[in-house]
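Q: Let me begin by handing over the structure; questions about it come next.
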Amino acid sequence: MQAVKTLGQFIIERQEDFPYAKGELSRLLRDIGIAAKIVNREVNKAGLVDILGAVGNTNVQGEEQKKLDVFANEQFIAALSSGGECCGIASEENEDIIKINNTVSKNAKYVVAMDPLDGSSNIDVNVSIGTIFSIYRRVSISGDCTMEDFMQKGTEQVAAGCITYGSSTMLMYTTGKGVNGFTLDPSIGEFCLSHSQMKTPDQGFIYSINEGNYVHFPEGVKKFIKYCQEEDNATKRPYSSRYIGSLVADFHRNLLKGGIFIYPTTAKSPQGKLRLLYECNPLAFLIEQAGGVASTGFKRILEVQPTDLHQREPIFIGSKNMVKLAEDFMAKYSPVTA
Ligand code: AHM
Ligand code: MG
């Protein structure tokens, strides 16, 4: 019988995977794992208790905040603030950076950017949701963290990951040495290694995009979608269309099965909808480590220089061959003129 390996055991065993000082990043990942378990508990009983529905206020993007968003945000902030390894947080739910300046944390070496509960419009309808996180080493020397600590390119991430609260709850993370996935075993309350060294197929047969926005897509995206829908035996087209509308869940499925997820620029979202720091970059790090590609349609996501905490970027992410082909369509039909 094979022994179960918990996230905690795995992190300790694999400390050589971590850049810089070993113990600090391990503890940070452990803190994230603990908060994820607490959020998972609430997500699972969301239908039973008075935690559904809007809290009433709106977040910095002008979107309605749901109670679980608020709860998840608080849990992750609390875990990261008390853990002593994180000196600052950027969250989708907070307009400004959160400086953690208690005595144990203010000289800590890491900052975290996170979307504590993504896809929250799906909570009320029992559809999978997720958490996304990205960890950077601070660039400021000590004391309070600064905005510069967060304005680092995705290539500078030291770790990133996501948690899917689905039919089972799964956490995957990377420190730049591949991607490992852990499924929560509710009977023992531990994330257990279930997907070792995850790889995404070079070619997939799924495309994921909100086709309701079709008329507003760039010409390159329209042509790529039509390509996916054409019949061609040699390339096994037409491909399947799958779109949950919950980024982590769409990403998770496509990583496992192969495919492409696109959230391009649209008339409503001229910069794209998804946020660079805590949605695009961490998933881009994960997909690259799994052998895939993440692009703005024109360049590697991880090389985009952030200038704003809540900056949005168009994203094309998934199987290498599909993203490269979508980039070819963009270059041909929607060339950047600026
Ligand atoms: P959120 O951060 O407000 O939850 O929005 C992000 C979500 C993603 O999970 C998903 O990929 C996308 O918005 C869906 O957007 P749309 O409904 O425009 O297709
Ligand atoms: Mg989000």
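The values are calculated or read from the model by the stated rules, or taken from the named source; none is laboratory data. Note that the structure is a prediction, hence the values are computed from the model and not measured. Here Cβ is always computed from backbone atoms with ideal geometry, including for glycine, and neighbour counts include all displayed protein chains.
Q: Can you tell me which residue in the stretch 1-56 is farthest from Asn126 (Cα to Cα), limited to those that are basic (Lys, Arg) and at pLDDT 90 or above? Steps first, answer last, please.
A: Step one: list which residues in the stretch 1-56 are basic (Lys, Arg), which gives 5, 14, 22, 27, 30, 37, 41, 45.
Now narrow it down to the ones that are at pLDDT 90 or above: 5, 27, 30, 37, 41.
Values: Lys5: 30, Arg27: 32, Arg30: 27, Lys37: 18, Arg41: 14 Å.
Going through the qualifying residues, I end up with Arg27.
Q: Follow-up. When both residues are 6+ apart or on different chains and their Cβ atoms are under 7 Å apart, which pairs have a first residue that lies in the stretch 250-271 and is farther than 18 Å from His310 by Cα and at pLDDT below 95, and a second that is in a helix (DSSP H, G or I) and of a type outside the set (Gly, Ala, Ser)?
A: Ala267/His216
Q: For residues in the stretch 118-139 being closer than 15 Å to Gly161 by Cβ and either surrounded by fewer than 24 Cβ atoms within 10 Å (Cβ to Cβ) or not aromatic (Phe, Trp, Tyr) (or both), which is farthest from ligand 2 (Cβ to nearest atom)?
A: Filtering the stretch 118-139 down to residues closer than 15 Å to Gly161 by Cβ leaves 118, 130-136.
This time we only want the ones that are either surrounded by fewer than 24 Cβ atoms within 10 Å (Cβ to Cβ) or not aromatic (Phe, Trp, Tyr) (or both), so: 118, 130-132, 134-135.
Numbers: Asp118: 4, Gly130: 9, Thr131: 10, Ile132: 7, Ser134: 13, Ile135: 18 Å.
Checking each candidate, the answer is Ile135.
Q: Which one of these is away from ligand 1 (no atom under 16 Å from the Cβ) and modelled with pLDDT of 95 or more: Gly245, Gly220, Gly212?
A: Details: Gly245 fails: away from ligand 1 (no atom under 16 Å from the Cβ); Gly212 fails: away from ligand 1 (no atom under 16 Å from the Cβ).
When all the criteria are applied, what remains is Gly220.
Q: Being of a type outside the set (A, V, I, L, M, F, W, C), buried (at least 23 other Cβ atoms within 10 Å of the Cβ) and assigned by TED's automatic domain parsing to the domain that holds Thr164 is the requirement here; does Glu92 meet it? Break it down stepwise before answering.
A: Details: of a type outside the set (A, V, I, L, M, F, W, C): yes; buried (at least 23 other Cβ atoms within 10 Å of the Cβ): yes; assigned by TED's automatic domain parsing to the domain that holds Thr164: yes.
In short, yes.
Q: Can I ask one more? Quick check on my filter: what residues within the stretch 162-193 are more than 21 Å from Ser134 (Cβ to Cβ) and of a type in the set (D, E, K, R)?
A: Passing the criteria: Asp185, Glu190.
Q: Same structure, new question: For Asn213, all conditions in the list (1) in the same structural domain as Ala284 (by TED's automatic domain parsing); (2) touching a helix residue (DSSP H, G or I) at 6+ places or on another chain (Cβ under 9 Å) hold save one; what is the number of the exception?
A: Going through (1) in the same structural domain as Ala284 (by TED's automatic domain parsing); (2) touching a helix residue (DSSP H, G or I) at 6+ places or on another chain (Cβ under 9 Å) one by one, Asn213 breaks only (2).
Q: Assess whether Asp308 counts as being under 25 Å from Ser91 (Cβ atoms), surrounded by 24 or more Cβ atoms within 10 Å (Cβ to Cβ) and either free of Cβ contacts under 8 Å to residues at least 60 places away in the same chain or touching a Lys or Arg at 6+ places or on another chain (Cβ under 6 Å) (or both).
A: Details: under 25 Å from Ser91 (Cβ atoms): yes; surrounded by 24 or more Cβ atoms within 10 Å (Cβ to Cβ): no; either free of Cβ contacts under 8 Å to residues at least 60 places away in the same chain or touching a Lys or Arg at 6+ places or on another chain (Cβ under 6 Å) (or both): yes.
Spelling it out, it is not the case that Asp308 is under 25 Å from Ser91 (Cβ atoms), surrounded by 24 or more Cβ atoms within 10 Å (Cβ to Cβ) and either free of Cβ contacts under 8 Å to residues at least 60 places away in the same chain or touching a Lys or Arg at 6+ places or on another chain (Cβ under 6 Å) (or both).
Q: Might you let me know whether the stretch 145-162 holds any residue that is of a type in the set (A, V, I, L, M), in the same structural domain as Ala78 (by TED's automatic domain parsing) and assigned to a loop (DSSP other than H, G, I, E, B)? Explain how you work it out, then say what you get.
A: Start the filter on the stretch 145-162 by keeping residues that are of a type in the set (A, V, I, L, M), which leaves 147, 151, 158-160.
In the following step, the residues that additionally are in the same structural domain as Ala78 (by TED's automatic domain parsing) were identified as 147, 151, 158-160.
Filter once more, so that each one left must be assigned to a loop (DSSP other than H, G, I, E, B): 151.
Yes, the stretch 145-162 contains a residue that is of a type in the set (A, V, I, L, M), in the same structural domain as Ala78 (by TED's automatic domain parsing) and assigned to a loop (DSSP other than H, G, I, E, B).
Q: For the stretch 230-248, give me each residue that is surrounded by fewer than 24 Cβ atoms within 10 Å (Cβ to Cβ) and of a type outside the set (S, T, N, Q).
A: Within the stretch 230-248, the first condition is being surrounded by fewer than 24 Cβ atoms within 10 Å (Cβ to Cβ), and the residues that meet it are 230-246.
Hits for the stretch 230-248 are Glu230, Glu231, Asp232, Ala234, Lys236, Arg237, Pro238, Tyr239, Arg242, Tyr243, Ile244, Gly245.
Q: Only one of (1) within 16 Å of ligand 2 (Cβ to nearest atom); (2) of a type in the set (A, V, I, L, M, F, W, C); (3) free of Cβ contacts under 8 Å to residues at least 40 places away in the same chain fails for Leu283. Which number is that?
A: Going through (1) within 16 Å of ligand 2 (Cβ to nearest atom); (2) of a type in the set (A, V, I, L, M, F, W, C); (3) free of Cβ contacts under 8 Å to residues at least 40 places away in the same chain one by one, Leu283 breaks only (3).
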